[in-house]
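A quick write-up on the structure given underneath.
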Amino acid sequence: MLLEGKKALVTGARKGIGRGIAATLAGEGADVGVNDIVDDRETRRTAEMVQKAGRKGTVHVGDVSKLGDINRVIDEFVRAHGGIDILINNAIFPDQSRPLFETDEAYWDRMMNLSLKGYFFAAQRAAKEMTKQGRGGRIVSLASVHAYRAWKDWTAYGIAKAGLKRMAMGMAVDLAGTGITVNCIAPGAIRNELTQGEIDPKPYDIEQHPGLKSRVPAQRGGLPSDIANAMVFLCSRMGDYVNGETILVDGGMIASGGEMR
Amino acid sequence: MTSNVKIRPASAGLFQPGLGLLKGKAALITGSRRGIGAEIARVFAENGAAVGINDVELDVQAKKTLAALRKLRVKVSWHEADIGDARQRERMFDEFLKDHGRIDVLVNNAVRTKWTPFPELDEADWDHQIGHALKGYVFCSKRAVNEMIKQGSGGRIISISSVHSFRAWPNDTIYGIVKAGLNRMASSMAVDLAGTGITSNCIAPGYIDSRVLPLSQEKNRGGKGYADHAIPLIPARRGGLPRDIANMALFLASDLSGYVNGETILVDGGLLAGGTPD
């Protein structure tokens, strides 16, 4: 097991990619704190999946776009687990796409407060704890293919995700010598609807999605487990020399010019 | 630049071997008689892969690498060839396929480097380096991919690029062009091989201490005495180990990375995240 005894907090882990990450990290021996803004059966179910892997699984409800909640959630997690080794910034709300002229100040603030400000201050707080502990750590944020290219009606989201790439670089430099690495994973088209408690739903049917067929060399949609597997690598000692980097897990989407035969 | 920068112990990059991530796979690693290539072969073998070792000569280093690998109870083969030479390249693949019956992973790693200031660039150097480290990689990949398509069970092409593919250091023109070309090769291969289950990616290492060291000095690898001037620029505060690159190669060669394609991943301890020295 690659993460034996590590203590990992995953934000937005009620379902989808976050749940996949939580369960997969637990499968590699990590104790996991499940954060989400919603506390319901599904949130508990993610924690149960962690427990089923034989690890400690806790739930920490909070809105990680708010500083007060971020600090409380991390405090709670550290108290419950006795420390923090891994922070996964993953939380996002459902309506991530918004046409330019409908992007009002309220939407902009909501997007930036969660995806940029929230990720920044969660990382800052976790890094502070990790520095105190003195045993290094891992901070990984979910960026996106939208950090690399523009799709129609995704400008605000894309700006936030591009900012996360730069955040990883900046924090890597600022935390030099602490043994903490800061990176991003940039997923492509990952199907992450809620399913019956499993990690992976059925991926997008490529035949039903001509856009994917012409854009994604892998010729399949991505799965939460694709992201979670890359996460295991980065969070383990195997990823020790990867720092300030953003890794695309997109089946080749960004490599492609988007007009495949 | 601060002079009181502390160097971190290089052992930080080590992890427990033997995860079995490559059981049943056959992997050919070019330029693997020593250094990063040999370490990739070792980590692959520890994970259950049969490995082919290639280099231009069977010297003391190559023999040591082969002997160490044979202790790991996996099939190990040796292929003497200069990948810059078309006939030798094809013979290497013929041999490898005869020995292993298939190819699942190709790691393009062999490299020859010469540093020359731009005004003094020499056409022969250009032809040699491009022919070896760019053309050689392209045509090794082409051959491997054709075999993989015939086999019908996907595959992995991993090429060793460099931080020099993203930024320029003095006298690195040809090397930088070669490495930037490899990143682009990975993108094209991803597109042209769509739907085959073959992925093509690059690893871009930063400062990696691949010196030949006596065993007694092994604990100092990546530490003091190696690239001391660069450590203040590297957030990891240590030189990289061949193991750091081998770990990434293992991830990319394994099933864990099935959705990583056409990508170049930096393994540089954060070197390129930063700017120029203060």
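The values are calculated or read from the model by the stated rules, or taken from the named source; none is laboratory data. Please read these numbers as outputs of a predicted model, since none were measured by experiment. With ideal geometry, Cβ positions are generated from the backbone for all residues, glycine too; neighbour counts draw on all protein chains shown. The protein model used for the area step is the full one, side chains on, heavy atoms only, and it has no ligands, DNA or RNA in it. Shrake-Rupley method; radii C 1.70, N 1.55, O 1.52, S 1.80 Å.
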Search result, residues across the range A:120-143 that are part of a helix (DSSP H, G or I) and open to solvent by 10 Å² or more (accessible area, probe 1.4 Å): A:Phe120, A:Phe121, A:Gln124, A:Arg125, A:Lys128, A:Glu129, A:Thr131, A:Lys132, A:Gln133
Exactly one of A:Ile254, A:Ile247 is assigned to a loop (DSSP other than H, G, I, E, B), farther than 21 Å from A:Ile84 by Cα and among the hydrophobic types (A, V, I, L, M, F, W, C), and that one is A:Ile254
All but one of (1) among the basic types (Lys, Arg); (2) open to solvent by less than 20 Å² (accessible area, probe 1.4 Å); (3) over 26 Å from B:Ile103 (Cα atoms) hold for B:Lys179, so report the exception by its number. (3)
The listed residue being more than 9 Å from chain A (Cβ to nearest Cβ) and open to solvent by less than 10 Å² (accessible area, probe 1.4 Å), out of B:Ile265, B:Ile231: B:Ile231
Checking the conditions here, which among A:Leu175, A:Leu194, A:Leu212 is in contact with a strand residue (DSSP E or B) (Cβ under 8 Å, 6 or more places away or on another chain) and either modelled with pLDDT of 95 or more or more than 7 Å from chain B (Cβ to nearest Cβ) (or both)? A:Leu175
List the number of the failed condition for B:Ser254; all other conditions in (1) touching an Asp or Glu at 6+ places or on another chain (Cβ under 8 Å); (2) within 26 Å of A:Pro187 (Cβ to Cβ); (3) touching a residue at least 60 places away in the same chain (Cβ under 8 Å); (4) open to solvent by less than 10 Å² (accessible area, probe 1.4 Å) hold. (1)
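Tell me which residues, restricted to the range A:6-25, are more than 19 Å from A:Ile74 (Cβ to Cβ) and either free of Cβ contacts under 8 Å to residues at least 12 places away in the same chain or small (Gly, Ala, Ser) (or both).
Correct list: A:Gly16, A:Gly20, A:Ala23.
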Do we have any residue at all in the range B:191-204 that's within 21 Å of A:Ala176 (Cβ to Cβ), in contact with a Lys or Arg (Cβ under 7 Å, 6 or more places away or on another chain), crowded, with 24+ Cβ neighbours inside 10 Å and within 9 Å of chain A (Cβ to nearest Cβ)? no
Condition (residue is open to solvent by 10 Å² or more (accessible area, probe 1.4 Å), part of a loop (DSSP other than H, G, I, E, B) and either within 26 Å of B:Ile149 (Cα to Cα) or facing another protein chain (nearest Cβ under 7 Å) (or both)) applied to the range B:209-224: is it met by at least one residue? no
What are the pairs with Cβ atoms under 9 angstrom where one residue, in the range A:159-172, is under 20 Å from B:Gly269 (Cα atoms) and the other, located anywhere, is surrounded by fewer than 23 Cβ atoms within 10 Å (Cβ to Cβ) and small (Gly, Ala, Ser)? Sequence gap at least six, or different chains. A:Leu164/A:Ala147; A:Lys165/A:Ala147; A:Met169/B:Gly274; A:Met171/A:Ala127; A:Ala172/B:Gly274
Quick check on B:Arg243: is it in a loop (DSSP other than H, G, I, E, B), more than 7 Å from chain A (Cβ to nearest Cβ) and crowded, with 24+ Cβ neighbours inside 10 Å? no
List the pairs whose first member sits in the range A:52-65 and is closer than 15 Å to A:Leu87 by Cα, whose second member is modelled with pLDDT of 95 or more and of a type in the set (Phe, Trp, Tyr), and whose Cβ atoms are under 9 Å apart, counting only residues at least 6 apart or on separate chains? A:Thr58/A:Phe77; A:His60/A:Phe77; A:Val64/A:Tyr119; A:Val64/A:Phe121
Across the range B:73-84, the tally of residues that are open to solvent by 60 Å² or more (accessible area, probe 1.4 Å) and on the phi < 0 side of the Ramachandran plot stands at 2
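Only helices (runs of 4 or more DSSP H) wholly contained in the range A:1-119 count here; list those with 3 or more residues that are of a type in the set (A, V, I, L, M), buried (at least 16 other Cβ atoms within 10 Å of the Cβ) and in contact with a strand residue (DSSP E or B) (Cβ under 8 Å, 6 or more places away or on another chain). Don't jump to the end; show me each part of the working.
Values: elements: A:16-27, A:41-52, A:67-81, A:105-112.
Output list reads A:16-27, A:41-52.
Tally up the residues in the range A:159-172 that are more than 11 Å from chain B (Cβ to nearest Cβ) and buried (at least 21 other Cβ atoms within 10 Å of the Cβ), please.
3
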Pairs needed: first member in the range B:175-187, facing chain A (nearest Cβ under 10 Å) and farther than 16 Å from B:Thr116 by Cα; second member anywhere, open to solvent by 10 Å² or more (accessible area, probe 1.4 Å) and of a type in the set (A, V, I, L, M); C-beta distance under 6 Å; at least 6 residues apart or different chains. B:Ser187/A:Ala255
Spans of helices (runs of 4 or more DSSP H) in the range B:74-158 with at least 3 residues touching a His at 6+ places or on another chain (Cβ under 8 Å): B:86-100
When the range A:208-260 is examined, which residues are found to be more than 23 Å from B:Pro205 (Cα to Cα) and of a type in the set (S, T, N, Q)? A:Gln208, A:Ser214, A:Gln219, A:Ser225, A:Ser256
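Among the residues of the range A:226-242, write down those that are among the small types (Gly, Ala, Ser), in a helix (DSSP H, G or I) and within 9 Å of another protein chain (Cβ to nearest Cβ).
Within the range A:226-242, the first condition is being among the small types (Gly, Ala, Ser), and the residues that meet it are A:228, A:230, A:236, A:239.
Now restrict to residues that are in a helix (DSSP H, G or I): A:228, A:230, A:239.
Correct list: A:Ala230, A:Gly239.
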Go through the range B:159-191 and give me each residue that's in a helix (DSSP H, G or I), in contact with a Gly (Cβ under 9 Å, 6 or more places away or on another chain) and farther than 22 Å from A:Gly257 by Cβ. B:Val163, B:His164
